[in-house]
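The values are calculated or read from the model by the stated rules, or taken from the named source; none is laboratory data. Everything numeric in this text was worked out from a predicted model, so none of it was measured. Counting neighbours? That spans all protein chains shown, and the Cβs are built from the backbone with ideal geometry, glycine included. Only protein heavy atoms, including side chains, enter the accessible area calculation; ligands, DNA and RNA are left aside. Shrake-Rupley method; radii C 1.70, N 1.55, O 1.52, S 1.80 Å.
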Amino acid sequence: MQAGISRFTQIGDWIFEVKMVRALRVSDYGQPYSAVSTLTANGDNIYIDTQMTRNNEELSREDCMAFYEFCKQLEMKQIQYDKVRQGTRFPRVVDIEENQRPRPRIQLVK
């Protein structure tokens, strides 16, 4: 796979913007996949709409880090998703620290 992803590509007089992505957990494209997710970009934020696995298992830490790395490469600032436990939805927000603007240091002086 390629390193570095651009959300915007210009071809001729057209600029193409990535707004929606389907992610598949599979070692080789075209093979049966074990999980699928849909991500929607809005400004500097991305929302994970769908997280489905074949056997209803939780996504692993490695899975989550793959999403984080993908969103970091797209220069997103936040990932938003809903975690569902026992039928109850819990909204989550993850800041992509590497893409946050440096916060100004405020120092009080005399």
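Brief remarks on what is shown
- Residue in the range 67-74 that is touching a helix residue (DSSP H, G or I) at 6+ places or on another chain (Cβ under 7 Å) and not in a strand (DSSP E or B) present: yes
- Strands (runs of 3 or more DSSP E) lying entirely in the range 1-63 (those with 2 or more residues that are of a type in the set (Ser, Thr, Tyr) and in contact (Cβ under 8 Å) with a residue 12 or more places away in the chain): 35-42, 45-53
- Among residues of the range 67-110 being open to solvent by less than 100 Å² (accessible area, probe 1.4 Å) and in contact (Cβ under 8 Å) with a residue 40 or more places away in the chain, the one that is nearest to Phe8 (Cα to Cα) is Leu74.
- Scanning the range 23-49 for residues that are surrounded by 10 or more Cβ atoms within 10 Å (Cβ to Cβ) and either among the charged types (D, E, K, R) or at positive phi (or both) turns up Arg25, Asp44, Asp49.
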